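Asks: So that we are looking at the same thing, I have put the structure below in structure tokens.
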Amino acid sequence: MPPADPNTDLLPHEIAGPVWYLPYPLPVMIAFGLLALLLLALAVWAFVAWRRRVNRRPLTAREKALSALAAARGRADQAAPYEFSIEVCDILRGFLGTEHHLPATTQTSYEFLQTARGSGVFDEARLGGLTRFLDKADAIKFARADATAADNNELTGLAEELVKEGQKHAVAA
């Protein structure tokens, strides 16, 4: 038997065309792939958002008050003293009412100072700071004393000291 000619081993009727090995048409598979990537991205985003919400602890009354006072301090130079004193006074009274369960928002300054003296929450130094703060705020709010941006800054500083001093006393106790 003569050696086989490599060019004649395969006859044209024996050659088959390409075989489609993918289960679906290519455009359908691309669409499903993009949909799968979109769903995966949505799942990752939802998981991250859920983790942020779960890990976030609520702010304490002290943290809220300090944050509000810091925001107010940023506006102290441009704010009208009357409105500013009302805002800062509301922040401090709200904090004292929440933190120490005192009727700070429902009493006059004089009544509140009497309540604060009998509460045992304030030592003499802190009570002096509260008295200075309330006197200054009342002079601006009710006596319409001439006030400037420096008075706004002083009022904010007094309020911040009262909030921070409460933290020192809470840690020491």
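The values are calculated or read from the model by the stated rules, or taken from the named source; none is laboratory data. Quick caveat: nothing in here was measured; it's all calculated off a predicted structure. Counting neighbours? That spans all protein chains shown, and the Cβs are built from the backbone with ideal geometry, glycine included.
Asks: Would you say residue 122 is surrounded by 13 or more Cβ atoms within 10 Å (Cβ to Cβ), of a type in the set (A, V, I, L, M, F, W, C), at negative phi and assigned to a loop (DSSP other than H, G, I, E, B)?
Replies: Values: surrounded by 13 or more Cβ atoms within 10 Å (Cβ to Cβ): yes; of a type in the set (A, V, I, L, M, F, W, C): yes; at negative phi: yes; assigned to a loop (DSSP other than H, G, I, E, B): yes.
Criteria met by residue 122.
Asks: Residue 66 fails exactly one of the following numbered conditions: (1) surrounded by 14 or more Cβ atoms within 10 Å (Cβ to Cβ); (2) more than 17 Å from the chain's Cα centre (by Cα). What is the number of that condition?
Replies: Tallying (1) surrounded by 14 or more Cβ atoms within 10 Å (Cβ to Cβ); (2) more than 17 Å from the chain's Cα centre (by Cα), residue 66 fails exactly one: (2).
Asks: Now a separate question. So, in the stretch 1-33, of the ones that are exposed (fewer than 10 other Cβ atoms within 10 Å of the Cβ) and in a helix (DSSP H, G or I), which residue ends up modelled with the highest pLDDT?
Replies: Residue satisfying both the conditions and the ranking: 27.
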